[in-house]
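Asks: Input: one structure, supplied below.
All of the numbers you see were taken from the coordinates with simple rules; none came from a lab. Source: prediction; values computed, not measured. Here the Cβ positions follow ideal geometry from the backbone for every residue, glycine too, while neighbour counts run over all protein chains shown.
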Amino acid sequence: MKRWSKLQREVYRLIDPALRFQLHCVRYRMDSVCGSTDLPRYWITLGDEVIWDYPRDFVGRPHPGRKPPDWYPYGTDVPEISGLIREYIDTPKQHLLSRHFEGDHWGLVNILRAADRRVGAKRFDALKSKTRNRAAHRVIESRLAHMSKLATPRNKPMHLTAVGRR
């Protein structure tokens with residue numbers, strides 16, 4: 001697997017640059033008497049707000065195919081999430097909305113689709129109807145808000161006339 005910074009850079013090439021969208025990954029070293037492990041954290045921010053957070057949003061929801069207590073914190077999904085991101089990046093534009101990502105147990109793909117500049121405003125309705133993911137809806141709303149700001153005409157420049165000239 002490539003370094004996170006390289007994968008992150010590739011994601012940012014796809015994201016609408018008008019969004020204040022960031023995807024982060026970090027691991028925290030946890031040492032204890034019983035041993036040590038690295039606990040992962042992936043999170044997405046839109047502006048200053050965290051809209052998606054692994055593992056916080058998923059604690060208590062076992063991963064498909066794993067039985068408690070084999071899932072978090074003893075097993076982590078970071079390799080699967082990174083693989084899913086790689087799979088999304090490699091998906092051709094024409095298949096972005098139609099492709100089913102088998103390994104997306106976290107609702108991440110629809111958030112990426114919503115932020116992806118390859119998905120234009122004409123396809124937002126299809127994407128919104130396809131997902132109930134609140135974070136994806138927030139990203140779409142943010143993109144639409146930005147697009148509407150660009151579409152509104154700016155204040156017309158004032159025409160100065162000579163006042164008091166004779």
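Asks: Run the numbers on region 4-144 and let me know its relative contact order in percent, using alpha-carbon pairs under 8 Å that are six or more apart. Before the final figure, lay out the partial values.
Replies: On the way: 147 pairs, mean separation 31.3, N = 141.
Normalised by residue count, the contact order of region 4-144 is 22 percent.
Asks: In region 4-144, if the dipole is taken from +1 on Lys/Arg beta carbons and -1 on Asp/Glu beta carbons about the Cα centre, which of Ser142, Tyr12, Gly35 is farthest to the positive end?
Replies: Of the listed residues, the answer is Ser142.
Asks: Still on this structure, please answer the following. Based on the Kirkwood radius over alpha-carbon pairs, what value in µm²/s does the Stokes-Einstein equation return for the translational diffusion coefficient of region 4-144 at 4 °C and 1.567 mPa s?
Replies: Values: Rh = 16.0 Å.
Rounded to a whole number, D works out at 81 µm²/s.
Asks: In the neighborhood of Ile81, defined by Cβ-to-Cβ distances under 13 Å, what is the net charge if each Lys or Arg adds +1 and each Asp or Glu adds -1?
Replies: On the way: positive: Arg27, Arg41, Arg86; negative: Asp53, Asp57, Asp77, Glu80, Glu87, Asp104.
Net charge in that neighbourhood comes out at -3.
Asks: Also, quick follow-up: DSSP loop (so not H, G, I, E, B), at most 15 other Cβ within 10 Å: list which chymotrypsin sites (Phe, Trp or Tyr not before Pro) in region 81-139 pass both filters.
Replies: On the way: sites: Tyr88, Phe101, Trp106, Phe124; in loops: Phe101, Trp106.
Qualifying residues, ordered by number: Phe101.
Asks: As an exercise, use a Förster radius of 41 Å and the Cβ-Cβ distance of Arg27 and His95 to find the FRET efficiency, rounded to the nearest 0.05.
Replies: 0.85
Asks: Right, next: Using a Cα distance threshold of under 25 Å, what count of lysine pairs results for region 4-144 when pairs must be 8 or more residues apart or interchain? Could you put the intermediate results ahead of the total?
Replies: Numbers: Lys6/Lys93; Lys93/Lys122; Lys93/Lys128; Lys93/Lys130; Lys122/Lys130.
Lysine pairs meeting both conditions in region 4-144 amount to 5.
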